[in-house]
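Notes to accompany the following structure.
Every number here is computed from the coordinates shown, using simple stated rules; none is lab data. These numbers were taken from a predicted model, which means no experiment stands behind them. Note that we place each Cβ from the backbone using ideal geometry, even for glycine, and neighbour counts take in every protein chain shown.
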Amino acid sequence: MRRATLALLLMSAAASGGDYQHIPAGTFQSMLQYEDGAGRRQVAAFELMPEPVTNAEFLVFAHAHPQWRRDRALPLYAERDQYLSHWQGSLSLGTGALPRQPVTRVSWFAARAYCEAQGARLPTWDEWEYVAAADETQRDARSDPAWGARILDWYARNSAGPLPEIGRNMANVYGVSDLHGLVWEWTDDYSSMLVVGDNRNQQDSERYKFCGAGALSVADRENYPVMMRVALLSSLRGSDSTSNLGFRCARGLP
């Protein structure tokens, strides 16, 4: 029975996407005001998952890497009461976590481990913001009132109900969907945007001691979604998890 269930999960995980979209290099004006005064950011070409990681995909990962099961993950890396708490069991989803829903209640450590197991990594904030600025026809749609209104509509919705499945939102010009309107997403450098240094204060903290965001421009209504997302991410610890926070993976190019 377990083998049959895992085989079905593998098929569901494969159907969730898995392929990466090529994101061309470019320069864009970040909504963040950096300490060095530079808001113009250069992003190198990279690859990004077209959709967030699903429950089915993460369950396959938990089978292969049992240290990230709900009942085995160390509290230092995943808060015990919240991590994957909506799953029926350590290796079963149940009705509260459907296979094609984005996986949530995952810590930054767990998300990073998942991506590393795929030969990938979490995207940086610059990469995420760069791709998330696009709509179906424009690489940067942030000045379009209709685009801003659609995103703000998501923030106004009641999030108490079950999450939709991935892929319900139309892909943008890069072939990437669900950057808005589904879940928040971890970024690799989430803790550096409003604070200096990794808030775990452990051996790899030097990696995060670069110029983070010094302030956000909040006068412009279109900046509100970015302000909310950065405020959420910068308030979290790496072990935290919430019911509306998921992730997707990225890959650098040679």
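Amide H contacts under 5 Å for Gln21: Leu48, Met49, restricted to partners 5 or more places along the chain or on a different chain, H placed in the peptide plane at 1.01 Å from N.
Annotation for Gln88 and Leu253: the two label points, set 7 Å from Cα along the Cα-Cβ direction, are 4.3 nm apart.
What ranking do 64-73, 78-87, 243-252 get when scored by the average of other Cβ atoms within 10 Å per residue, highest first?
Numbers: 64-73: 15.6, 78-87: 18.2, 243-252: 20.4.
Sorting 64-73, 78-87, 243-252 by mean packing, highest first, produces 243-252, 78-87, 64-73.
Once both labels are positioned 7 Å from their Cα atoms along Cα-to-Cβ, the gap between Arg139 and Glu79 label points is 3.9 nm. Extension gain for the segment Leu232 to Arg121, taken as residue separation times 0.36 nm less the Cα-Cα distance, is 37.9 nm to one decimal.
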